[in-house]
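Peer 1: Have a look at the structure that comes next, please.
The values are calculated or read from the model by the stated rules, or taken from the named source; none is laboratory data. Bear in mind the structure is a predicted one, so any value in this text is a computation, not a measurement. Note that each Cβ is placed from the backbone with ideal geometry, even for glycine, and that neighbours are counted across all protein chains shown. Side chains included, ligands, DNA and RNA excluded: accessible areas come from the protein's heavy atoms. Shrake-Rupley method; radii C 1.70, N 1.55, O 1.52, S 1.80 Å.
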Amino acid sequence: MRNAFACPIRLVRGLYQRFRIEPRSVPAALTAFENGVRQNFSAADAADIPR
């Protein structure tokens, strides 16, 4: 059986990568995104997202 949480983590990881390379994004936006990930995912998953 597939891990039901693997797909959302992959989706959020893709969003994170997109925010990182977006030239119009300000650093505060990336920081807010990272804080949201830490608040809504377990510590292990949150550490795995920005790789």
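Peer 1: Of 15, 30, which residue is at pLDDT below 95 and open to solvent by 60 Å² or more (accessible area, probe 1.4 Å)?
Peer 2: When all the criteria are applied, what remains is 15.
Peer 1: Under 8 Å by Cβ, and 6 or more places apart or on different chains, what pairs join a residue from the range 34-51 that is farther than 13 Å from residue 15 by Cβ with one that is open to solvent by less than 50 Å² (accessible area, probe 1.4 Å) and not in a loop (DSSP other than H, G, I, E, B)?
Peer 2: Cβ pairs passing all conditions: 38/46; 45/9; 46/37; 48/9; 48/13; 51/13.
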